[in-house]
1. When the chain is fully extended, how far beyond the present Cα-Cα distance does residue 287 get from residue 203, taking 0.36 nm per residue of separation?
2. How far, in nm, would the chain grow between residue 27 and residue 241 when pulled straight, counting 0.36 nm per residue and subtracting the alpha carbon separation?
3. What length, rounded to one decimal in nm, is gained on full extension from residue 375 through to residue 427, with 0.36 nm per residue of separation minus their alpha-carbon distance?
4. Using the per-residue mean of other Cβ atoms lying within 10 Å as a proxy for protection, in what order, highest first, do the peptides 112-124, 88-100 fall?
5. What distance in nm separates the two pseudo spin-label positions at residue 361 and residue 456, each 7 Å out from Cα along the beta-carbon direction?
6. If a/c stays under 1.5 just call it rounded; otherwise compare a/b with b/c (prolate if a/b is bigger, oblate if not). Do that for the range 35-94, with a ≥ b ≥ c from the square roots of the Cα gyration tensor eigenvalues.
7. Calculate, for residue 134 and residue 190, the FRET efficiency according to 1/(1 + (r/R0)^6) with r their C-beta to C-beta distance and R0 45 Å; round to the nearest 0.05.
8. What FRET efficiency, computed as 1/(1 + (r/R0)^6) with R0 = 56 Å and r the Cβ-Cβ distance, is obtained for residue 549 and residue 306, rounded to the nearest 0.05?
């Protein structure tokens with residue numbers, strides 16, 4: 001969508017100013033009309049009131065009565081003189097433009113222009129002589145005026161009309177008064193426009209600051225993009241405002257936090273305290289990453305504060321399910337170790353073939369025959385795991401062989417105990433690979449870090465048993481064991497006892513350094529193993545912090561429904577945890593003497 005040439009705040013400002021101008025124009029026009037009308041009415045009222053005052057003056061009534069009775073061609077000089085004195089004095093006092101008095105024929109008895117006295121008025125006196133008052137805008141000998149005409153009644157009977165009084169105010173005076181009103185009104189309008197413009201500018205700045213300069217078109221586009229991005233991500237996303245209040249979330253966040261029954265739900269999720277605390281601790285710059293445990297998931301949470309043009313607008317927390325990722329990492333480790341073992345066996349097999357080829361080339365066929373017979377007698381190429389033949393399932397065998405190869409490279413001997421027996425094929429290889437592989441890795445680390453390692457190398461024993469569809473395993477090492485105060489925290493998320501120094505790595509974090517810890521756990525493995533087991537109704541627990549035979553720690557796992565049900569087989573090993581109790585202790589699994 002093309003961006004408008006003007007910003008949203010500028011367009012709002014222009015719209016507001018246009019609205020203010022239109023409103024002011026309408027208001028000013030109405031008030032101007034009302035003001036002009038008011039001035040006109042005041043002027044007309046003034047003229048009429050002055051004319052009435054003059055018409056009821058006794059001297060004026062007497063003079064008009066006498067002049068009307070005489071009907072002389074020229075008004076009596078004495079009457080004119082007395083009347084002029086009255087009208088001139090009234091004009092000076094009241095501010096009118098003129099006052100003209102006539103007899104009952106409309107002959108002027110007074111006039112500002114003395115030459116007009118004795119002549120008939122230029123405008124019709126009929127209304128006033130008929131006994132009716134009237135106000136009009138007329139043009140006479142003195143120009144455009146506002147005129148009020150009032151009849152003069154006889155001083156003798158008070159009923160007979162004997163003349164009229166015409167009082168006028170020049171239109172120029174009226175126009176001047178109207179102009180003064182308009183100037184005042186215009187001044188107020190200009191001030192109102194300036195105030196409206198100032199308020200509009202301030203509102204525009206506030207709007208630009210609140211919207212960060214983003215217009216409605218961009219906001220709509222951002223909303224569409226936000227929806228597409230939020231629901232297109234595999235990670236969970238939570239948005240917070242500057243007060244730390246949740247404002248948005250996607251369906252993956254609801255699923256990871258386990259607070260939505262449907263992925264398509266639009267309701268915001270309830271945020272666990274771990275997430276809100278993470279957002280509160282996030283630095284102004286950079287990101288804060290932390291593993292958190294929600295329900296049965298281990299999540300990698302990343303909190304980032306968001307700023308636009310230097311203004312904080314809140315923050316974002318992304319959630320990634322590390323349970324699956326760590327599971328895949330463990331599986332990859334097993335595959336890598338198996339590939340390394342296959343390369344070693346391939347090299348050994350190639351050496352045997354070269355030996356046979358050399359004997360044949362030299363014609364020593366008898367020796368070649370004898371050598372091949374000896375190879376057939378010794379069986380296949382040996383694996384570094386003692387008694388691996390007791391394990392028939394290919395998945396279990398592959399895990400043990402892969403871990404045995406890695407352990408052998410670290411100088412640790414991996415062995416399957418002679419009493420191991422697992423009937424049935426593995427149904428859930430992922431869980432078995434992750435949990436059993438992690439327990440063996442931790443045991444190998446502990447064996448390398450143990451005091452016996454320098455004298456006689458390390459040893460890890462694995463006991464594998466089945467009970468119906470349940471798979472049981474015990475992993476014991478020759479390490480230094482686990483201290484009692486550490487044993488209670490060993491399964492906590494983020495807790496680690498591995499503090500080995502920087503020595504050669506053997507592919508799973510194994511080192512030959514002595515270190516200061518017992519090597520069990522790198523802060524995530526045991527916690528992850530227990531959660532994966534508990535998710536399927538199983539358990540992972542510590543049997544013995546110091547095994548009486550090997551000296552190291554002994555861990556056990558129980559996975560229900562991990563094996564296919566061996567039909568009619570009742571000889572398998574009984575449930576060591578008794579009724580599947582996930583809180584089993586060291587009495588729930590047989591000791592070496594009981595085995």
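Values in this text are rule-based calculations from the coordinates and carry no lab data. Model, not experiment: these values are computed from the prediction. Backbone-built Cβ (ideal geometry, glycine too); neighbour counts: all protein chains shown.
1. 26.7 nm
2. In short, 72.7 nm is gained.
3. 15.2 nm
4. Most protected by this proxy first, the peptides run 88-100, 112-124.
5. 4.5 nm
6. prolate
7. Details: r = 40 Å, r/R0 = 0.89.
E(calc), rounded to 0.05, equals 0.65.
8. That gives a FRET efficiency of 0.45.
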